[in-house]
Amino acid sequence: MSATSSAVGIAGLGHALPDRVVDNHYFTRFVDTSDEWIVQRTGIRERRWLDEGEKPSDLFLEAGRQALEDSGLAAEDIDLIVLATVSSDHQGVPSAACQVQEALGCVNAAAFDVAAACAGFLYAMQIGRQFIAAGTYQNVLVIGGEGLSRIADIYDRNSVILFADGAGAAVLQPHEICQQGLIEDMILGADGKGQEFIIRPRGGPAEPITPEILNEGTYMIRMKGREVYRFAVSRMTALMEWAMEGQDMSELGLIVPHQVNRRILETATEKLGVDPSQLYINIDKYGNTSAGSVPIALNEARHEGLLESGKLIVLAAFGAGLVWGAARIRW
């Protein structure tokens, strides 16, 4: 490719989920909750968790393999792998992207991870898009996925009922080659003042793990639900407004958001006057898979025939950091 800017499209999609289904009744053994309480406050009825002997990288690999196959490319054609996760097999050493690179046989690809929590797939997509637009690479595999069940505290009601495991992937190419999924625009953002809203408080290099930390479980995720809820409603609304600013609302095909909480998503779209049928929700089946959430939902929507040619698809997500991102795609 030349060094001139190139429009970027989505050449292939894939996603992977564990077979193990965990319903809401499972948690009543550990915390004060109920199926009714969880459904009413989150919209989640069940989620998928890794089983014993399975690893997050199994999901990353399968999602990447599917996206590669869907694109029609060979593994050797991939120039770059960008993988978004905060729950890789080895906590980033080595990177999960390098594990996928070796397992898929992408021998010509550079590979690295991105830590942007639930907005991770959009961060990774923007990175891949920029490399292609600059003419540096032509075929970029972008993966977002998590094994959050492995870092969720079974005794913390605020978080354990939400988090789940899964991965999704996309192959990006110059739009002139793939002729689909034109990424018209993207936006990323962050506000570190909210870094304590969703956090693993202890057990990292700042405060290495000890028997006390193990006993109290503070090396696992903690979340301030009320603060996150308030932030999420305003941020998701703002991201959707940004995506459709200056656009004809009649061209909107589907909003595919990060599956954070059904009430948050419905409140945000209601504020925008969006028809509920244009909001894709699968949180009831899968819970919050963080970086895997958006690409899993996007691929499911495609398989259900909901991505109309020529219509706009809006992707939006926010997560720990706090970080956020959105994309407007012309399918």
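Observations on the structure shown:
- Residue in region 310-328 that is without any contact (Cβ under 8 Å) to a residue 60 or more places away in the chain, of a type outside the set (Ser, Thr, Tyr) and in contact with a strand residue (DSSP E or B) (Cβ under 9 Å, 6 or more places away or on another chain) present: yes
- Selection within region 177-199 - under 18 Å from GLU216 (Cβ atoms) and either part of a loop (DSSP other than H, G, I, E, B) or free of Cβ contacts under 8 Å to residues at least 60 places away in the same chain (or both): GLU196
- Hey, VAL294 part of a loop (DSSP other than H, G, I, E, B) and in contact with a Cys (Cβ under 9 Å, 6 or more places away or on another chain) or not: no
Residue-by-condition table, conditions (1) in contact (Cβ under 8 Å) with a residue 24 or more places away in the chain; (2) among the polar types (S, T, N, Q); (3) surrounded by 15 or more Cβ atoms within 10 Å (Cβ to Cβ); (4) farther than 30 Å from ARG129 by Cβ:
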{"position": "GLY166", "(1), (2), (3), (4)": "yes, no, yes, no"}
{"position": "PRO201", "(1), (2), (3), (4)": "no, no, yes, yes"}
{"position": "ALA232", "(1), (2), (3), (4)": "yes, no, yes, no"}
{"position": "SER250", "(1), (2), (3), (4)": "no, yes, no, no"}
{"position": "GLN259", "(1), (2), (3), (4)": "yes, yes, yes, no"}
{"position": "ARG262", "(1), (2), (3), (4)": "yes, no, yes, no"}
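- So ARG45, is it touching a residue at least 24 places away in the same chain (Cβ under 8 Å), of a type outside the set (A, V, I, L, M, F, W, C) and not assigned by TED's automatic domain parsing to the domain that holds LEU312: yes
- The one condition in (1) crowded, with 18+ Cβ neighbours inside 10 Å; (2) in contact with a Lys or Arg (Cβ under 9 Å, 6 or more places away or on another chain); (3) within 21 Å of ALA291 (Cα to Cα) that ILE38 fails to fulfil: (3)
- The set of residues from region 105-145 being touching a Ser or Thr at 6+ places or on another chain (Cβ under 7 Å) and free of Cβ contacts under 8 Å to residues at least 40 places away in the same chain comprises ALA111, PHE112, ASP113.
- Given (1) within 15 Å of the chain's Cα centre (by Cα); (2) surrounded by 24 or more Cβ atoms within 10 Å (Cβ to Cβ), number of the condition ILE127 does not satisfy: (2)
- Some residue of region 202-222 being of a type in the set (A, V, I, L, M), over 19 Å from the mean Cα position of the chain (by Cα) and closer than 25 Å to MET125 by Cα: no
- When LEU50, LEU73 are checked against the criterion of being assigned by TED's automatic domain parsing to the domain that holds GLY168, surrounded by 18 or more Cβ atoms within 10 Å (Cβ to Cβ), out of contact with any helix residue (DSSP H, G or I) (no Cβ under 8 Å at 6 or more places or on another chain) and assigned to a loop (DSSP other than H, G, I, E, B), a single residue qualifies: LEU73.
- Residue in region 84-106 that is closer than 24 Å to MET220 by Cβ, among the charged types (D, E, K, R) and assigned to a strand (DSSP E or B) present: no
The values are calculated or read from the model by the stated rules, or taken from the named source; none is laboratory data. In this text, all values refer to a predicted model and were calculated from it rather than measured experimentally. Please note: Cβ atoms are built from the backbone with ideal geometry, for glycine as well, and neighbour counts cover all protein chains shown.
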